[in-house]
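Asks: Input: one structure, supplied below.
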């Protein structure tokens, strides 16, 4: 009899424990389903504000201030010491949105920014795995799927975005009072990808070489969530700043200086990494050199950087 009572008591105890943890199990299952839906639906947010990149349609001040076409060697992010070569495959996701759903939020040159970055990576830096998403193809689902498709053991990851920015109070798992986002869409409506969501998207990679470039308003706000060891985050402007595109340049100002002039034309080449007294263009332009050149050259944007490499990074 006592044995039956003990067995009955054990069963009751197990049932009670199961009931106690059932809500947590259901919640965890819901979280798993929500993770699958995240590509379609961003995390909840309040006080969301679209901050549009500004189009300058008349000639302004010189894009490169006189005497500042090259930064001094002792200034800026570049150290003149090259980090070790990349090991393994390199992958890039390059996004530029000029044609948003409807007409009210369209830009003129963000798609061209993206195409020029993709051409630079394939032509000057030997990338063979580049996903280019522009305009109506650059949906939230497509962008997050492209990032998700990169192998976890990729040797290097390069992400570029040009378009509008957003801010608001997002439930994206960080302690920031105000969050920033890049602006994608679903073909009909503007949809953000919050900085905390990008943090999670890039957190699964084993690579110690991740390069993130943002040509968007509020770009500097990406730094807090995305900073990590062995990572470079180049941003067109500050956490509260506007980014600009120009009909004179037919590009975003930051992208024109960073990509077109700095990387593709090799004008950012400042340091002799080979030590032979010559500067090779454009193969020897590092991310830090391109950023330094853009910062010295932009007349409207206020570029910022989060550089967590000990030395300079050649993509």
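Asks: Examine segment 83-91 for a residue that is surrounded by fewer than 23 Cβ atoms within 10 Å (Cβ to Cβ) and at positive phi, and state whether such a residue exists.
Replies: Yes, segment 83-91 contains at least one residue that is surrounded by fewer than 23 Cβ atoms within 10 Å (Cβ to Cβ) and at positive phi.
Asks: So, residue 260, is that one over 20 Å from residue 98 (Cα atoms) and either in contact with a strand residue (DSSP E or B) (Cβ under 6 Å, 6 or more places away or on another chain) or in the same structural domain as residue 168 (by TED's automatic domain parsing) (or both) or not?
Replies: Here the answer is no, as residue 260 does not meet what is asked.
For (1) free of Cβ contacts under 8 Å to residues at least 24 places away in the same chain; (2) surrounded by fewer than 24 Cβ atoms within 10 Å (Cβ to Cβ), each residue gets a yes or a no:
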residue: 265; (1), (2): yes, yes
residue: 275; (1), (2): yes, yes
residue: 288; (1), (2): no, no
residue: 299; (1), (2): no, yes
residue: 314; (1), (2): no, yes
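Asks: Which of the residues belonging to segment 271-291 are modelled with pLDDT under 90 and touching a helix residue (DSSP H, G or I) at 6+ places or on another chain (Cβ under 9 Å)?
Replies: 271, 282
Asks: Any chance segment 98-117 includes a residue that's farther than 22 Å from residue 315 by Cα, at pLDDT 95 or above and either in contact with a helix residue (DSSP H, G or I) (Cβ under 7 Å, 6 or more places away or on another chain) or not in a loop (DSSP other than H, G, I, E, B) (or both)?
Replies: Yes, some residue in segment 98-117 is farther than 22 Å from residue 315 by Cα, at pLDDT 95 or above and either in contact with a helix residue (DSSP H, G or I) (Cβ under 7 Å, 6 or more places away or on another chain) or not in a loop (DSSP other than H, G, I, E, B) (or both).
Asks: Looking at residue 123, is it on the phi > 0 side of the Ramachandran plot and in contact (Cβ under 8 Å) with a residue 24 or more places away in the chain?
Replies: Spelling it out, it is not the case that residue 123 is on the phi > 0 side of the Ramachandran plot and in contact (Cβ under 8 Å) with a residue 24 or more places away in the chain.
Asks: Need the failing condition index for residue 241 against (1) within 19 Å of residue 93 (Cβ to Cβ); (2) touching a residue at least 60 places away in the same chain (Cβ under 8 Å); (3) buried (at least 21 other Cβ atoms within 10 Å of the Cβ); (4) touching a helix residue (DSSP H, G or I) at 6+ places or on another chain (Cβ under 9 Å), just the number.
Replies: (1)
Asks: Quick one: which residue in 134, 178, 145 is within 23 Å of residue 307 (Cα to Cα), over 12 Å from the mean Cα position of the chain (by Cα) and in the same structural domain as residue 233 (by TED's automatic domain parsing)?
Replies: 178
Asks: Restricting the search to segment 187-210, which residues are without any contact (Cβ under 8 Å) to a residue 60 or more places away in the chain and either buried (at least 22 other Cβ atoms within 10 Å of the Cβ) or assigned to a strand (DSSP E or B) (or both)?
Replies: Once the filter is applied, which keeps residues that are without any contact (Cβ under 8 Å) to a residue 60 or more places away in the chain and either buried (at least 22 other Cβ atoms within 10 Å of the Cβ) or assigned to a strand (DSSP E or B) (or both), segment 187-210 yields 195, 198, 210.
Asks: While we're on this one: How about segment 41-68: which of its residues are modelled with pLDDT of 60 or more and part of a loop (DSSP other than H, G, I, E, B)?
Replies: 41, 42, 43, 44, 52, 53, 57, 58, 59
Asks: Only one residue in 228, 234 is in the same structural domain as residue 205 (by TED's automatic domain parsing), buried (at least 22 other Cβ atoms within 10 Å of the Cβ), within 30 Å of residue 203 (Cβ to Cβ) and touching a residue at least 12 places away in the same chain (Cβ under 8 Å). Which one?
Replies: That would be 234, the only listed residue that is in the same structural domain as residue 205 (by TED's automatic domain parsing), buried (at least 22 other Cβ atoms within 10 Å of the Cβ), within 30 Å of residue 203 (Cβ to Cβ) and touching a residue at least 12 places away in the same chain (Cβ under 8 Å).
The values are calculated or read from the model by the stated rules, or taken from the named source; none is laboratory data. These numbers were taken from a predicted model, which means no experiment stands behind them. Every residue, glycine among them, receives a Cβ derived from its backbone with ideal geometry; neighbour counts consider all protein chains shown.
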